[in-house]
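Visitor: Below you'll find the structure I mean.
The values are calculated or read from the model by the stated rules, or taken from the named source; none is laboratory data. Being a predicted model, the structure only gives us computed values, none of them experimental. Cβ coordinates were reconstructed from backbone atoms using ideal geometry, including for glycine residues, and neighbour counts include every protein chain displayed.
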């Protein structure tokens, strides 16, 4: 399989980022920080809020779905805008495999950190695990037709929602979507159904950004001050994810609202 098609020589340089994609990711970052702030307020008994209630959990799932969808879309953008034109499939796949492994490894660090920090309820397979594995698994789908990817994504999502209702008495398939009976986790995004959002993102990237360019007209609003700030957050979403919780918790403890 040859990943470098002749038509891709029309690609746009990868440095020319699309303001709307960074902005959408920035909005997801803001919502994530807000949700985790409210989670911390509940954890330290500062505010009377139940982040495990259905509305809050739907809000949280919307955030995770946004990140996963944008991951799939960004895979297509990077593929279409790759001007180096790798000669083999393995060469083309390697950056996605490496990046996915790094993100998954960071997820494992979160697992270890939460195990020692909170004990029961620690993160077994959270959003970073999902994003890392999805990056590795979703790349081959850039060679699949967009409507097939869309159908696959919807199917994975629907099957996953059904699987999520099943409880088992062992932990080995938590990553897939079969939760262990009686186990609670503060962050849980299994491959099913959430990988479906990545495939839908791949399809959206193929349909909306063929050859890495917009297939629709959009005014350039990226330099508006608010959107410029959101774009900054979107471009640095991973590092923000890693540091925002320690900062929030440190500030709350510093103001005397709680302790570990």
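Visitor: Check off (1) buried (at least 21 other Cβ atoms within 10 Å of the Cβ); (2) in a helix (DSSP H, G or I) for residue 189 and give me the number that stays unchecked.
Guide: (2) is the only condition that residue 189 fails.
Visitor: Restricting to the stretch 54-97, give me the number of residues that are closer than 23 Å to residue 149 by Cα and modelled with pLDDT of 95 or more.
Guide: Number satisfying all stated conditions: 19.
Visitor: Of the numbered conditions (1) more than 17 Å from residue 237 (Cβ to Cβ); (2) within 16 Å of the chain's Cα centre (by Cα); (3) in contact (Cβ under 8 Å) with a residue 40 or more places away in the chain, residue 101 satisfies every one except a single condition; which is it?
Guide: Unmet condition: (3).
Visitor: Right, next: Could you please find all residues in the stretch 111-145 being at pLDDT 95 or above and not in a helix (DSSP H, G or I)?
Guide: 122, 123, 124, 125, 126, 144, 145
Visitor: On the given criteria, is residue 252 under 17 Å from the mean Cα position of the chain (by Cα) and either on the phi > 0 side of the Ramachandran plot or part of a helix (DSSP H, G or I) (or both)?
Guide: no
Visitor: Related question: Here is a list: 227, 207. Which entry is within 21 Å of the chain's Cα centre (by Cα), closer than 17 Å to residue 25 by Cα and in contact (Cβ under 8 Å) with a residue 60 or more places away in the chain?
Guide: Only one candidate passes the filter, namely 227.
Visitor: Okay, moving on. List the number of the failed condition for residue 13; all other conditions in (1) touching a helix residue (DSSP H, G or I) at 6+ places or on another chain (Cβ under 8 Å); (2) surrounded by fewer than 16 Cβ atoms within 10 Å (Cβ to Cβ); (3) within 26 Å of residue 222 (Cα to Cα); (4) at pLDDT below 95 hold.
Guide: (1)
Visitor: If you don't mind, another one. Confirm whether residue 211 is assigned to a loop (DSSP other than H, G, I, E, B) and touching a helix residue (DSSP H, G or I) at 6+ places or on another chain (Cβ under 6 Å).
Guide: Criteria not met by residue 211.
Visitor: Quick one: would you say residue 226 is touching a helix residue (DSSP H, G or I) at 6+ places or on another chain (Cβ under 6 Å), modelled with pLDDT of 95 or more and more than 20 Å from residue 108 (Cβ to Cβ)?
Guide: Criteria not met by residue 226.
Visitor: Within the stretch 33-73, count every residue that is touching a residue at least 12 places away in the same chain (Cβ under 8 Å), closer than 30 Å to residue 20 by Cα and surrounded by fewer than 15 Cβ atoms within 10 Å (Cβ to Cβ).
Guide: Total meeting the criteria: 1.
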